[in-house]
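Participant: Below is one structure. I have some questions about it.
The values are calculated or read from the model by the stated rules, or taken from the named source; none is laboratory data. Predicted, not measured: the structure shown is a model, and the values here were computed from it. Every residue, glycine among them, receives a Cβ derived from its backbone with ideal geometry; neighbour counts consider all protein chains shown. Calculation scope for accessible area: heavy atoms of the full protein, side chains included, ligands and nucleic acids excluded. Shrake-Rupley method; radii C 1.70, N 1.55, O 1.52, S 1.80 Å.
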Amino acid sequence: MAVKDVPQPGDVSREFWAATSRREFLLQHDAKADRSQFFPRPVSLFSESELQWRAAAGTGTLSAVTTARSTEPGSEAPHMVGLVKLDEGPRVFARLLNAEPNIAPGRRMRLTWEQERDGLRLYAFEPA
């Protein structure tokens, strides 16, 4: 992954990215709607309730998968990416590690971590 691909934490996402350095994956939770959301946002998608940070279990089901190809210098190409529906509800787009090229939607996945880059630890998923 090229250095410019590393996310830059902002006011809303700073707590999320700080947790990744501890290998914790946080979701914003709306207690009134009893639903979680991802990626961090300044307000709830579901109500006018305040959001709370909660640790996710880190497990879910693969909804979609594709191979990403990049021609940018320094990028790791090709690599697999997927959409994982977390057990808590939100869908997360992430790199897939340790997965066979023929992995199919419906496969159970678990959270894993890439090496730290520029002070951030990037999340990924692998077959459970």
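Participant: Looking at Asp118, Asp30 in this structure, which one is open to solvent by less than 30 Å² (accessible area, probe 1.4 Å), over 15 Å from the mean Cα position of the chain (by Cα), within 21 Å of Gly10 (Cα to Cα) and among the acidic types (Asp, Glu)?
Facilitator: Asp30
Participant: Do you know which residues across the range 105-126 are farther than 17 Å from Phe25 by Cα and of a type outside the set (Lys, Arg)?
Facilitator: Pro105, Gly106, Asp118
Participant: Considering only the range 47-101, state which residues are open to solvent by less than 40 Å² (accessible area, probe 1.4 Å), over 20 Å from Leu26 (Cα atoms) and not aliphatic (A, V, I, L, M).
Facilitator: Ser75
Participant: Would you confirm, using the coordinates I've provided, whether Asp30 is modelled with pLDDT under 90 and acidic (Asp, Glu)?
Facilitator: no
Participant: So which residues in the range 59-78 are more than 12 Å from Ile103 (Cβ to Cβ) and at pLDDT below 95, if there are any at all?
Facilitator: Ala68, Arg69, Ser70, Thr71, Glu72, Pro73, Gly74, Ser75, Glu76, Ala77, Pro78
Participant: I've got another one for you. From the list Val84, Val43, exactly one residue is among the aliphatic types (A, V, I, L, M) and closer than 22 Å to Leu111 by Cβ. Which is it?
Facilitator: Val84
Participant: (1) closer than 23 Å to Arg117 by Cα; (2) of a type in the set (Lys, Arg); (3) free of Cβ contacts under 8 Å to residues at least 60 places away in the same chain: which one isn't true of Lys85, the others all being true?
Facilitator: With respect to (1) closer than 23 Å to Arg117 by Cα; (2) of a type in the set (Lys, Arg); (3) free of Cβ contacts under 8 Å to residues at least 60 places away in the same chain, Lys85 is out only on (1).
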